[in-house]
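Take a look at the structure set out below.
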Amino acid sequence: MSSPSEILQRTFGYSSFRGEQENIIQSTLAGKSSLVLMPTGGGKSLCYQIPAMLFEGVTIVISPLIALMQNQVSALKQNGVEAEFLNSSQSLQKQLSIIDRVKNNKIKLLYLAPERFMNEETLTLLESLNISLFAIDEAHCVSQWGHDFRKEYLKLDILAQRFPQTPRLALTATADQRTRSEIIQKLSISGKTFVSSFDRPNIQYRIHQKNNPKKQIIDFIKSEHDGDAGIVYCMTRKKTENIAELLRSNGIKALSYHAGMSTDDRYEAQHTFLTEPSIVIVATIAFGMGIDKPDVRFVAHMDLSKNMEAYYQETGRAGRDGAPATAWMVYGFQDVVMLGQMLEKSDANEMHKRVERQKLNAFLGMCEASECRRQLLLRYFGEEALMKCGNCDLCLNPVKTFDGTIAAQKALSACFRTNQKFGAAYLIDILLGKSNDRMTKFGHDKIPTFGVGKEYNSTQWKSIIRQLIAKECLMVDSSGYGSLRLTRHAQPIFKGKKQIHLHEDILHQKESSTKKRPRKVKGDIQLSETQETLFESLRNLRHEIAKEHSIAPYMIFHDVSLKDMTQKLPQNLVEFGEIHGVGDLKRSKYGQKFLDVILDSDQK
């Protein structure tokens, strides 16, 4: 009988486990239920795929998206693992064939959507099988506090009821303490919670205020990631189409993706992104869960994410291969107002809305920080980073802070003297002494605060007000028209009993003089000019093979494997088998083709 480490090496081509992988696998093989928190790209899938291959029965994997199931199954088949999925995209004949193979113990992993569990026919089928393990992928979807809550996941409490003796492994990349507790409770997880570090040191985090955002995104991609694969997130469907067109008009290969597109169009966009190099996909948050493309070099946000979990999950789609990547975002005060209004209009109850407001404020606090962003991000998930990361914009380009007490008092006074009924733009006009018909009508050009803030310009006041919101001295009344209200934290500042420090505003145009490429990270392989030429030849071969088999290139070999080939230059199939990510089946299927390219390069 094989051991986990033998399967890791012979099937998946990896020489050693990472982090908690081995402990999770041993716990699962012992029949224990567990919750696994591991960052995107950290190797969660192996934690149930390897036990599945060692168990006698079948492992049922619950996965939320058809595309995610298809990608996972295709990748497993490339490694010689018997895996299938059942969903509505298949013909009845295909589904019956798969069911027959499962009943005859021909399949080790069967992927199902959570909706399938509402079907009594499916439950009857499952009860007839020898099920060794239930793996619940994207487990945060079970929690109403999770950023991707799905009602159908709530039905998964039936697993513990109908299959009490079968262990359950819940896996997610993103969950705060509240979400973790709900996953454990809903899925009846009695065993250990395995928490890996949330840190993705290869990702450089950069956040800027909006200042001609269309120019900002073009400058960012053209100057730093020209020719790279990337994802650009937008808040609305219309904006995804507009930004995709903008990128195309500037010579960047770009596609749009949103829930308003037909199923066929969404599939085509996703397939193109996964299989073609150098594609930028501009999408709403409808795109991304389970996207396993390892060489995404950047994730850009044209608008504010709704909270820290969503931001972490979305940015985590960059740099899954461990090579340097960038998480870049621009946002403005209007994003805060819009997200608040969307929340107020939602069907969520008042307690849920209150928690979501707190989460939005916490994320805004990270955006308006003056020190290391990574420390704040990790702290949010309960992980303490003792040192600054040296790989976020605030570490690379430190900002200056100043005593903002008087400025804060002026802004708070403007809010108070206008009865807390107006938004940021109106209050800034008061501070700058800009009168208009509306202001004259209300008599606000006569209040003591009118014109007292001329030492700052409009952009600087916007920054001051955003920081006061982030520090919870002001709150946005999203139920109205984005008017600002004072909070209890404002009173001691207002009355001069407490100081407040703010950071100086940084305009995007200043960034160009201090712009830094993502730093070299541990594990990233730097290539010489000769190696780079060979690497491109190997990539071209990989692309041809992938196209021939209608699969994504990374399912053949990751870039990391190709780079390893350029350095080790294997001369035969035995040596080729020692390359990172080369298992037995891939060596026999593709080894000679890649060896021919390598040996040919040796002779030049």
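Bear in mind these aren't lab numbers, they're just calculated from the coordinates by the rules spelled out. Just so we're clear, the structure is a prediction, and the values are computed from it rather than from any experiment. Cβ coordinates were reconstructed from backbone atoms using ideal geometry, including for glycine residues, and neighbour counts include every protein chain displayed.
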In nanometres, the difference between 0.36 nm per residue of separation and the alpha-carbon distance of GLU384 and THR487 is 34.2 nm
Counting other beta carbons within 10 Å of each residue's own, what order do TYR48, TYR590 fall into, fewest first? TYR590, TYR48
Unit charges at the beta carbon, dipole of the chain: most positive-side option, ASN397, VAL336, GLY227: VAL336
Here Rg/Rh (Cα, Kirkwood) for the range 295-409 equals 0.99
Students often get this wrong, so check it: of LYS214/LYS345; LYS77/LYS293; LYS108/LYS586, which have C-alpha atoms separated by over 22 Å? LYS214/LYS345
Take peptides 429-439, 355-365, 259-269 and line them up by average Cβ neighbours within 10 Å, highest first, as a rough protection proxy. 355-365, 429-439, 259-269
If Rh is defined by the Kirkwood formula over all Cα pairs and Rg also comes from Cα, what ratio Rg/Rh do you get for the range 227-379? 0.97
Quote the Stokes-Einstein diffusion coefficient, in whole µm² s⁻¹, for the range 115-240, based on the Kirkwood radius over alpha carbon pairs, a temperature of 10 °C and a viscosity of 1.306 mPa s. 87
As computed over the range 241-304, the Cα convex hull volume per residue (Å³): 98
If packing is taken as the mean number of other Cβ atoms within 10 Å per residue, what is the order of 84-95, 222-233, 303-314, highest first? 303-314, 222-233, 84-95
Burial ranking of peptide ranges 69-75, 10-16 (average Cβ count within 10 Å, highest at the top): 69-75, 10-16
Using DSSP, restrict attention to beta bridges with both residues in the chain and report what percent are antiparallel, rounded to the nearest 5. 15
Magnitude of the Cβ-charge dipole of the chain, K/R +1 and D/E -1, about the Cα centre, nearest 20 debye? 2060
Can you work out D for the range 93-132 in µm² s⁻¹ from Stokes-Einstein, where Rh is the Kirkwood radius over C-alpha pairs, the temperature is 20 °C and the viscosity is 1.002 mPa s? 200
At q = 0.14 Å⁻¹, what is the base-10 log of I(q)/I(0) for the range 529-602 according to the Debye formula with one equal point scatterer per Cα and no solvent? Please give it to two decimals. -0.36
Answer with one residue from ILE217, LEU92, SER528: the one whose Cα lies farthest towards the positive end of the charge dipole of the chain, charges on Cβ with Lys, Arg +1 and Asp, Glu -1. ILE217
Under Stokes-Einstein, with the Kirkwood radius over Cα pairs standing in for Rh, what whole-number D in µm²/s applies to the chain at 4 °C and 1.567 mPa s? 49
Rg from C-alpha atoms of the range 1-121, normalised by the globular rule of thumb 2.2 N^0.38 Å, equals 1.08
Cross-link partners among aspartates and glutamates for LYS421, C-alpha distance below 16 Å, same-chain residues fewer than 8 apart left out? ASP429, ASP445, ASP477
Would you mind calculating the gained length between ASN419 and THR530 on full extension (0.36 nm times residue separation, minus the Cα-Cα distance), in nm to one decimal? 33.1 nm
Compute the long axis of helix 213-224 from its Cα atoms, compare it with the longest principal axis of the Cα atoms of the chain, and write down the angle in degrees, 0 to 90, nearest 10. 50
So, in Å, what gap is there between the alpha-carbon centers of the range 45-119 and the range 1-35? 19
Cα-only Rg/Rh for the range 401-514 with Kirkwood Rh rounds to 0.98
On a straight-distance basis, which lysines could pair with LYS192 in a cross-link, Cα separation under 23 angstrom, same-chain partners fewer than 8 positions away excluded? LYS32, LYS44, LYS155
Give the angle, between 0 and 90 degrees and rounded to the nearest 10, that separates the Cα long axis of helix 529-549 from the longest principal axis of the Cα atoms of the chain. 70
Over the Cα atoms of the range 190-291, what radius of gyration and what Dmax do you get, in Å? 15.8, 54
Extreme residue, positive dipole direction of the chain, given options LEU123, MET261, HIS489 (C-beta unit charges): HIS489
Suppose a student asked you for the relative contact order of the range 240-359, using Cα pairs under 8 Å spaced at least 6 residues apart; what percent would you report? 19
